[in-house]
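Asks: The structure under discussion is supplied below as structure tokens; questions concerning it will follow.
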Amino acid sequence: MSTEINFSDAALKTMEEKIRAGERLSFADGLTLFQSHDLLGIGYLANIVRERFNDNRTYFIYNRHINYSNTCENRCYFCAFSRDRAEPGAFTLSLAEVLEKASQVAKEPITEFHIVGGLNPDLPFSYYLDMLRELKKLYPQVHLQAFTAVEVDYFSRIAGLSLEDTLKELATAGLGSLPGGGAEVFSPRVRQALCPKKISGERWLEVMQAAHHLGIKSNATMLYGHIETPEERIDHLMKLRELQDKTQGFMTFIPLAFHPQNTQLAHLPPTTGFLDLKTLAISRLMLDNFPHIKAFWIMLGLKLAQLSLSFGVDDLDGTVIEEKITHAAGAQTAQGVSQQELIQVIEEAGRIPVERDTVYNLIPKTSSR
Ligand code: V47
Ligand code: SF4
């Protein structure tokens, strides 16, 4: 049984027919959605797709983020986390310090370490391989989701290896999957203006394609709410959809809300709740071949992330525990959240909380959880 809704934007009524018939939305449809002010209508449409993929379930993960270094050659203008090597505040964790961070949660039922950092010219490829090997040796049950496509491309250059061989070495050392960072917005105009030293959008997609061909799954992101146009957002989503058609290697898409504080774009306003919900919902509608859409609550706040469960989102990410990238850019959210709090937020929204591991295997409930 389907419920009737009165769209305030008539264009959405036509789109509803397409969506219910499982037809793919076009570039023009995506633009219509971004131009529409009928947020509830867009959310309603996104919810159809959300429930088709994930029914009433909302996923979360018991994870810990680890940032090994903020020294970075790229110095993207939107990044408040990175530093030059000799700048005050620059840090690089030794292997022992990474293991110390991991050991802080050794007694907790962690299923994932999420590890990313800057492009640090002082670290050899062996640093990353040793990190994976040691973590895997100590915590064989924990999935290592590590290194964005930008880092993987950098490793291949410093190691003098092909992308495939770099990824193979990482996987042999214990890499489980790749996080979705570094995608930003694929538009060359935006990259030239905001992150001129970063790999191109094409190269980011190439790294992901190579990983997927080796059986390494990944996530994908889009950094929105800065200088990008709606057209550039839709183009980004369509490029991801195209690659996913070929590889089926993406698990989750995560729109990342730009935080301007302490960046070179501090004059820009932060994103609004309206844009956040709209972007999540439109992502759900355009990415008809992505099984999951994640609201990273650290960037959105737990309250808006909870609301997003009615706007296409089926995953809230995790306990996180320590987060540096968004907090360097002024995020007011907590560093982490307890599993109980995540469950409560999900249940209150009328959804069924489901703990997952990184690759969406379900974690059975035990009395200790
Ligand atoms: O690549 C940098 C972004 C990303 C800012 O795969 C910023 O599950 C907002 O990718 N404001 C890293 N965002 C984080 C990331 C991520 C996070 C959570 C889950 C997953 C996943 C991936 O953060 C960077 C960049 O795109 N970023 N600066 C900023 N000022
Ligand atoms: Fe470096 Fe990533 Fe920050 Fe860009 S976003 S400066 S690549 S750490």
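Asks: Sequence-distant or interchain residues sharing an amide H contact under 5 Å with T58, placed H: which?
Replies: Result for T58 returns I352, V354.
Asks: If you place +1 on the Cβ of every Lys and Arg, -1 on the Cβ of every Asp and Glu, and leave all else neutral, what size is the dipole of the chain about its Cα centre, to the nearest 20 Debye? Let's see the in-between values first.
Replies: Details: 37 positive and 45 negative charges, 54 e Å.
Around 260 debye, computed over the chain.
Asks: Follow-up question, since we're still on this one. Output the antiparallel fraction of DSSP beta bridges having both residues in the chain, as a percent to the nearest 5. Display every interim value, and only then the final one.
Replies: Numbers: 2 of 29 bridges.
So the antiparallel bridges amount to about 5 percent of the total.
Asks: As a test of reading the structure, rank D235, D317 by solvent-accessible area (1.4 Å probe, protein chains only), most first. Write out the running numbers ahead of the final one.
Replies: Numbers: D235 50, D317 5 Å².
The most accessible residue leads, giving D235, D317.
Asks: Counting only the heavy atoms of the protein chains, how much of S310 is accessible to a 1.4 Å probe, in Å² to the nearest 10?
Replies: Approximately 60 Å² of S310 is accessible to the 1.4 Å probe.
Asks: Right, another one. For region 279-369, which GluC sites (Glu not before Pro) are in a loop by DSSP, counting at most 16 other Cβ atoms within 10 Å? Don't skip to the end; give the middle numbers.
Replies: Numbers: sites: E322, E323, E341, E347, E348, E355; in loops: E322, E323.
Filter output for region 279-369: E322.
Asks: Given the convex hull of the Cα atoms of region 114-170, what is a quarter of its surface area in nm²? Before the final figure, lay out the partial values.
Replies: Numbers: hull surface 15.0 nm².
Mean orientational projected area (region 114-170, Cα hull): 3.7 nm².
Asks: Using 0.36 nm times the number of residues separating E348 and L161, minus their current alpha carbon distance, what extension gain do you get? Kindly include the intermediate steps, with their values, before the conclusion.
Replies: On the way: separation 187, 0.36 × 187 = 67.32 nm, distance 4.96 nm.
Using 0.36 nm per residue and subtracting the Cα-Cα distance, I get 62.4 nm.
Asks: Taking θ as phi - 60°, what are the ³J(HN,Hα) couplings along region 58-75 by the Karplus curve (6.51, -1.76, 1.60), each to the nearest whole Hz, with x for Gly and Pro?
Replies: For region 58-75, the Karplus curve yields 10, 8, 8, 9, 8, 9, 9, 7, 10, 9, 7, 7, 9, 6, 8, 6, 7, 6 Hz.
Asks: Reported to two decimal places, what Rg/Rh ratio describes region 197-283 when computed on Cα atoms with Rh from the Kirkwood expression?
Replies: Numbers: Rg = 14.3 Å, Rh = 14.2 Å.
Over the Cα atoms of region 197-283, Rg/Rh equals 1.01.
Asks: What 222 nm value per residue comes from the helices of the chain, counting each DSSP H run with n ≥ 4 as -39,500 (n - 2.57) and dividing by all residues, nearest 500 deg cm²/dmol?
Replies: Working: 15 runs with 157 residues, N = 369.
Per the formula, -12500 deg cm²/dmol.
Asks: Moving on to the next point. Taking only the Cα atoms of region 265-360, how large is their convex hull per residue, in Å³?
Replies: Details: hull volume 11.0 nm³, N = 96.
It is 115 Å³ per residue.
Asks: Let me ask you something else. With all protein chains present, calculate the accessible area of T229 using a 1.4 Å probe and round the result to the nearest 10 Å².
Replies: Rounded to the nearest 10, that gives 50 Å².
Asks: Next up: Please report the accessible area of S338 (heavy atoms, 1.4 Å probe, ligands and nucleic acids excluded) in Å², nearest 10.
Replies: My reading of the accessible area for S338 is about 50 Å².
Asks: How high is the FRET efficiency between E51 and A266 when r is their beta carbon distance and R₀ equals 56 Å, given to the nearest 0.05? Walk me through the intermediate numbers first.
Replies: Details: r = 40 Å, r/R0 = 0.71.
Computed FRET efficiency for E51 and A266 comes out at 0.90.
Asks: May I pose another question? For region 97-182, which trypsin sites (Lys or Arg not before Pro) are in a loop by DSSP, counting at most 15 other Cβ atoms within 10 Å?
Replies: On the way: sites: K101, K107, R133, K136, K137, R157, K168; in loops: K107.
Here the sparse-neighbourhood loop sites are K107.
Asks: Rolling a 1.4 angstrom probe over the protein heavy atoms, how many square angstrom per residue are accessible across region 184-279?
Replies: Working: 3730 Å² over 96 residues.
Heavy-atom accessible area per residue stands at 39 Å².
Asks: Quick one: 3J(HN,Hα) in Hz for region 229-241, Karplus 6.51/-1.76/1.60 with θ = phi - 60°, rounded, Gly and Pro as x.
Replies: Here the 3J(HN,Hα) series is 9, x, 4, 5, 5, 5, 4, 4, 5, 5, 5, 5, 4 Hz.
Asks: Starting at 0 and stepping by 10 Å, how many percent of the alpha carbon pairs of region 273-316 end up in each bin?
Replies: Result, from short to long distances: 33, 58, 9 percent.
Asks: What do you get for the angle between helix 339-348 and the principal long axis of the chain? Use alpha-carbon atoms, 0 to 90 degrees, nearest ten.
Replies: Helix 339-348 sits roughly 10 degrees off the main axis of the chain.
Asks: A follow-up question, please. Once the other residues with Cβ under 10 Å from the Cβ of R356 are scored (Lys, Arg +1; Asp, Glu -1), what is the net sum? All intermediate terms of the calculation are to be shown ahead of the outcome.
Replies: Numbers: positive: R57; negative: E112, D315, E355, D357.
Neighbour charge sum, excluding R356 itself: -3.
Asks: Along the charge dipole of the chain, Cβ charges K/R +1 and D/E -1, which of V49, H37, L95 sits furthest on the positive end?
Replies: Farthest towards the positive pole: L95.
Asks: Next question, about the same structure. The chain: percent of C-alpha pairs farther apart than 30 Å?
Replies: Values: 23762 of 67896 pairs.
Of all Cα-Cα pairs in the chain, 35 percent lie more than 30 Å apart.
Asks: Give the lysines whose C-alpha is closer than 29 Å to that of K137, dropping any in the same chain fewer than 8 places away, or say none.
Replies: K101, K107, K168, K217, K324, K365
Asks: Another question about this same structure. Give me, ordered by chain and number, the residues 5 or more places off R83 or on other chains with an amide H under 5 Å from its own placed amide H.
Replies: Amide H to amide H, under 5 Å and 5 or more residues apart or across chains, R83 pairs with T71, C72.
The values are calculated or read from the model by the stated rules, or taken from the named source; none is laboratory data. Because the structure is a prediction, the values reported are computed rather than measured. For neighbour counting, all protein chains shown are included, and Cβ atoms are generated from backbone atoms with ideal geometry for every residue, glycine included. Side chains included, ligands, DNA and RNA excluded: accessible areas come from the protein's heavy atoms. Shrake-Rupley method; radii C 1.70, N 1.55, O 1.52, S 1.80 Å.
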